[in-house]
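Inspection log for the structure reproduced underneath, given as structure tokens.
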Amino acid sequence: MFNIIKSVRKRYRWALLAIALLISGSALLLQLSISVQKYDAKIINIAGKQRMLSQKIAWHSNTILNTNNYSALHTQSLKKSLNVFKSAHQQLLAQSPNGEYKYLTPELIKLYLYEPIQLDKSVTQYILEAEKLLYQKGEVKQSVFSIEEVEALLLNLDKAVSLYEQSALSKVNWVSNLEILCWLLAMILLLIELRFVFMPMEKEVTSTLLELQKQKDFVQQISQNKEHFIARASHEFRTPLQGLITSIEALEITPEQESIKTQAKYCSLRLISMLDELQDLQALSAGKWVPHLKDENLLESCNKVVIAYKYACKQKGIKLTSHLDESLNCICKLDHQRLQHMFTELMSNAIKFTAQGEINVSAKLLNNEFCLTVKDTGCGFSQAIADLEFDSFKQSNHFQGLRTGLTRVQYVVKALHGAISFKNNETHGATVTLSLPIISHKEALVEHTVNSNLTCLVVEDNPLNTLLLTRILTLLNLSYECAVNGEIACDMVSKNEYDIIFMDLNMPVMDGFEAIKIIRSELNKTMPIIAVTANTSDDDMEQVYKNGANFHIHKPISQQAIEDALNSIREINFTCSEGTC
């Protein structure tokens, strides 16, 4: 890319230089033409005046010669005209230091100096006789001022003017031809530049752009492959994680085994967090990340993170103290899952780089702003941090793991119009401060109970997922039937009435996308459909809702997620029944 820029710059410079020189030459020729025309016009004007002055001199001289009582004005006018006539004649015959005539062409030299005309001799004689008459220096030859002689002089002066005009015209024609030549040179230069500069340049640029397009297509293909791989890997990991988390929750253990259960919960949460981290990275790089706002208790959201990390601190021998202010005990409209992810990243890094000592966590809600502070007694920062690098390879070793966590935190904080700061403590360790604007509600969340009279259809091909989902439905006192693929589900929906459908998306024979589409468009069924999937692609979710789904749940699922989905659908249906949906 840089080579083509260098090549294009070089070609353009040469092309512009050639055009600049040609334009400069044309401008000089134009100035020369104007100068020559001004110069020639001056000479032609002088020669033209000679004819008029010769007539005035003849008139005044004849008046003085033939009238006894002539006016003194004739003498004054004759003197003035004679001086101008004599000076102009001398100017026309002026010579350069080397003896060459300045204004006379060979034809004019012949006219002025050689027989048969000898105009210089005639004019000199004419001036001499007029001076004799004016200054009374002797006998005046009156025939010089006769009509015949004056007419002959005028005729020769006319010839002189014509020759001056011809000389000027020849010069103008010469300059005009030179300008035409410059125009032809410009056209030739443009053709040369087109052939040897611009056409090769166009070919080189086109070739480079084609190569760049190939590279762009290759990079896009890699990005798509990466996105598909991450989505697929996330799908495959979340399915066994679903079973792991549900099994951990269902364990009945002794108090002595509580730490083991806590450890298992911590590890499963970390696995989910890493999956979310990879998907976040993909969404951030593609510019597709958007916050999902939800009304939940802020204190409960923070407590979930602190409780999850108590085991990690205990295992490492670090003291964990937390102060979650009572002001957090309110309902806030926020992306609570994202807040927990950010909180988790800050806690993970504090534990990771604190070998001994303690970690102090404090949070409060002040003037609709959530303020979180995480202090540790670890190694701190080697230098001041203003903005974290999005390129993980430029980050210091202080950020380990997948090397994207704190960078993602900072990105999300900016997207939520918040602020985050990193600084070293005065004694030892680091302090991270996070602040986010929050919309809080004074009223408490209304507890909704799930209607136990609902009949559900569970469409899932994985027996483990089916077992987990039906177990949750049983706990909610809901009845259900099962189908292992979309084709069987469509057949069951056509024959039976169901209040709600839980639809997996990736299934053999017929997937959930097609099944939802058939249920809505061909069977014309309107019962709510909840998509239950490990797919996290925005395109997939958009297609699901386009086909007719009402809600979606990401695996691994929980009883709370099912209850939230059912309550959300009930609120939508209630709003529609009121005529405002």
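The values are calculated or read from the model by the stated rules, or taken from the named source; none is laboratory data. What you are looking at is a predicted structure, and each value in this text was computed from that prediction instead of being measured. FYI the Cβ positions are ideal-geometry reconstructions off the backbone, even for glycines, and counts take in every protein chain you see. Note: areas computed on protein heavy atoms with side chains; ligands, DNA, RNA excluded. Shrake-Rupley method; radii C 1.70, N 1.55, O 1.52, S 1.80 Å.
Tabulated values for the structure
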item	result
Between 0 and 90°, nearest 10: helix 405-415 axis offset from the chain longest Cα axis	70
The chain shape via C-alpha gyration tensor axes, a/c threshold 1.5	prolate
Relative packing of 210-216, 126-132, which averages over residues the other C-beta atoms within 10 Å, highest first	126-132, 210-216
Which of 215, 247, 176, positive extreme of dipole for the stretch 176-264 (C-beta unit charges)	176
Residues of type aspartates and glutamates that residue 79 reaches as a straight line, Cα spacing below 17 Å, ignoring anything fewer than 8 places off in the same chain	129, 131
Å² of accessible area per residue within the chain, as computed with a 1.4 Å probe and no ligands counted	58
Accessible heavy-atom area order of 564, 295, highest first, probe of 1.4 Å	295, 564
Euclidean distance of C-alpha centroids, the stretch 141-205 and the stretch 72-109, integer Å	26
Assigned charges on the beta-carbon of Lys, Arg, Asp, Glu; the stretch 162-272 dipole about Cα centre (debye)	140
Carbon and sulfur %, accessible surface of the chain computed with the full protein complex present, 1.4 Å	56
Computed E for residue 358/residue 270 - FRET, C-beta separation, R0 30 angstrom, nearest 0.05	0.90
Accessible area, probe 1.4 Å, largest first, for residues 370, 381, 229, 551	229, 551, 381, 370
Spherically averaged projected area in nm², based on the convex hull that wraps the Cα atoms of the stretch 135-175	4.3
Nearest 10 degrees, 0 to 90: helix 119-135 Cα axis against the chain principal axis	70
Protection proxy ranking, peptides 340-348, 76-84, average beta carbon neighbours within 10 Å, highest first	340-348, 76-84
Two-site FRET efficiency, residue 251 against residue 218, from Cβ-Cβ distance with R₀ of 45 Å, rounded to 0.05	0.35
Degrees separating the helix 538-547 axis from the principal Cα axis of the chain, which is the longest one	70
Protection proxy ranking of 243-255, 41-53 - average other beta-carbon atoms within 10 Å, highest first	41-53, 243-255
